[in-house]
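Visitor: The structure that follows is given in the form of structure tokens.
Derivation of every value follows stated rules applied to the coordinates shown; laboratory data play no part. This is a predicted model, so every value here is computed, not measured. Counting neighbours? That spans all protein chains shown, and the Cβs are built from the backbone with ideal geometry, glycine included.
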């Protein structure tokens, strides 16, 4: 069974369309969808509590679906969920949700993909990766989860290279790519 973690901007109500579509199918479940109250409590406790909460929510998941709205890429903890999912070897994908009408029946502005703003830097010997984020017009170290050793060395042609996540993970559009029909194929379910 595919257990999905939905990574999203807490302030975007469009995420419920995709989430509810998944949950409406027999035998489907999700992990780690936080409401505003749970999130507010964790935020008051501090970053280490948030990291533990998110890491725990990702336990036993195989897919992380990043629901991309206008502000998603600027959210610190969405980036953390992506990086943590990579380390766990979850299948990762993004879905633009800005075309889903809001309460006033209007689509929202498109936001950039967070996969465009994250990269891995593979060590020269291929034994580890460091995480980079694009900020202030430069690729800078990502502080919330700097990197990890690799179980198997990276292939020689990847060693010493920086690889933007947008080249590794697919991003779809819920409306133009017919998410209501294709979502299960996208997540591999």
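Visitor: Based on the alpha-carbon gyration tensor of the range 106-189 and its eigenvalue square roots a ≥ b ≥ c, which shape applies: rounded if a/c is under 1.5, prolate if not and a/b is larger than b/c, or oblate?
Guide: Taking the square roots of the gyration eigenvalues as a ≥ b ≥ c, the range 106-189 is oblate.
Visitor: What's the ranking of 58-68, 158-168 by average number of surrounding C-beta atoms within 10 Å, highest first?
Guide: Result, highest mean first: 58-68, 158-168.
Visitor: Quick one: of the DSSP bridges fully inside the chain, what percent are antiparallel, nearest 5?
Guide: Percent antiparallel among DSSP bridges in the chain is about 45.
Visitor: Next up: Kindly rank 72-82, 44-54 from highest to lowest mean number of other beta carbons found within 10 Å of each residue.
Guide: 72-82, 44-54
Visitor: Also: If I take the Cα coordinates of the chain and project them onto the principal axes, what are the three extents in Å, biggest first?
Guide: So the extents along the principal axes, rounded to whole Å, are 51, 37, 37.
Visitor: Would you calculate, for the chain, the mean residue ellipticity at 222 nm contributed by helices, counting each DSSP H stretch of 4 or more residues as -39,500 (n - 2.57) and dividing by all residues, to the nearest 500? Let's see the in-between values first.
Guide: Numbers: 5 runs with 53 residues, N = 189.
Rounded to the nearest 500, the figure is -8500 deg cm²/dmol.
Visitor: Return, ordered by residue number, the residues of the range 174-189 whose backbone nitrogen is under 17 Å from a label point located 7 Å along Cα→Cβ of residue 110.
Guide: Counting only backbone N, you get 174-179.
Visitor: For all pairs of alpha-carbon atoms in the range 64-125, what percent lies in each bin of width 10 Å, listed from the first bin to the last filled one?
Guide: Pair shares across the bins are 20, 45, 24, 8, 2, 0.
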